[in-house]
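Report on one structure; see the data block that follows.
The values are calculated or read from the model by the stated rules, or taken from the named source; none is laboratory data. Treat the numbers as computed from the prediction; the structure is a model and nothing was measured. FYI the Cβ positions are ideal-geometry reconstructions off the backbone, even for glycines, and counts take in every protein chain you see. All accessible areas refer to the heavy atoms of the entire protein, side chains included, with ligands and DNA or RNA removed. Shrake-Rupley method; radii C 1.70, N 1.55, O 1.52, S 1.80 Å.
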Amino acid sequence: MAGYKPSFLEWLTLLVMFPIIITTAGYQLYARRYFSEIEVYTVSTLIIGAISISFWYLYFSMIQRLAGYFTTLSDIWKRVISLILLDIVVVKVNMAMVFYGFDALGIFGYQFNQDHFVFCSIIGIIVTVIGITLCETDYIFKRWKESLALKEIAEMQFHEQEFENLIRQINPHFLFNNLNALSSLITTDPEKAEYFLDELSKVYRYLMRNNQEALSTLGREMQFIQSYMALLNIRYNEAVILQVAELGPFVDRLLPSLSLQLLIENAVKHNMARKGQPLIISISVDSQQRLVVENNLQKKPGIISSNKVGLSNIAVKYKMLSQPGLVIEKDEHFFRVRLTLLDGSGWAENQELLASLTTD
């Protein structure tokens, strides 16, 4: 909470609401004396103001901490109720310090009055709840604008990614490499050529089908990756090695379609793969049940162009689902990406939520 900087609207609540609270508290403490005796007015106003402003700062600092638990618009009612309950506690403690403090110190002869304390606490809660309502209305409006902007960006990036996927399906370079490998196999190893052609057809079939689906199960993605790796293994003479940990308990979990293919493709694109110096790609699940895709770093010489549209597209989809996105980690020896696996029981709901991303 250290270093917290109130927003403009929070400063506005201080300037508008707190004169009401301070004046009400002062009048409840000293009745007409508060306005008729300049010393009583000045001293009590300064003390009440200092205490109230301190609690105001503390309250909004705590709001920032609390907001981390309710980050989505669907949690707005939980957020509002929590803030109101927090407000009641803070206002009651604030007023208790004022009334009991003035009584304990005998400031200008004040003696504690329960009715005045309760009345002032109620006024304080009403006024601060109005302030909360204004701040939360502003928060909801900003989140709504962010969601609209995010949806627009997501739609644009999805269509860019879809376009790239379509190009990849008919990319002459991609076709040339695979057809050249197939041509060589036909004469040297017809049986392997048949196997290569079968896996190539599976890859294209999956690419075309999943261009229209935002999410896929980990199980389906892994089946596709087996075919994709089969092509890579033949093309790179077994110099690209895939190591897969036990994924059985997670095969029904969801992730954005073609995520694994994208990550493996990036690894192959940016790293050397030789039989004596293989590129090793591993897929596992960490202790937080996130999918981990990792490869050893052996960068190709020169600069490899990368627009990173695919990675940002994955990140936007996770954000649309109000889920933690991908985490990228890199050191001298490894490049690692962690992806959140979504609960498979929410398949229909997740697909409906992302439907806007998959329609023209």
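Just a few scattered comments:
- Scaled radius of gyration (Cα, divided by 2.2 N^0.38 Å) that the range 206-252 gives: 1.31
- Potential lengthening between Thr42 and Tyr57 on full extension [0.36 nm per residue; Cα-Cα distance subtracted]: 3.2 nm
- Extension gain, Asp138 to Asp189: 0.36 nm times the residue separation minus the Cα-Cα distance gives 11.6 nm.
- Karplus-based coupling profile of the range 41-53, in residue order and whole Hz: 4, 5, 5, 5, 5, 5, 5, 4, x, 5, 5, 5, 5, with θ = phi - 60° in 6.51 cos²θ - 1.76 cosθ + 1.60 and x standing for Gly or Pro.
- Spin-label model, Ala96 to His270: label points 7 Å out along the Cα-to-beta-carbon direction sit 5.5 nm apart.
- Principal semi-axes in Å for the range 200-294 [√(5λ), Cα gyration tensor, largest first]: 22, 17, 11
- The calculated FRET efficiency for Leu86 paired with Phe108, based on their beta-carbon distance and R0 = 22 Å, is about 0.10.
- A cut-off of 5 Å between modelled amide H atoms, ignoring neighbours fewer than 5 places along the same chain, links Ile280 with Ile241, Asn296.
- Share of alpha-carbon pairs per 10 Å distance bin for the range 16-123, given as whole %: 14, 43, 25, 13, 5, 0
- Solvent-accessible heavy-atom area per residue, rounded to whole Å², over the range 38-149 at 1.4 Å: 56
- Integer Hz, Karplus 6.51/-1.76/1.60 couplings in order for the range 292-300, x for Gly and Pro: 10, 10, 10, 9, 6, 8, 8, 4, 6
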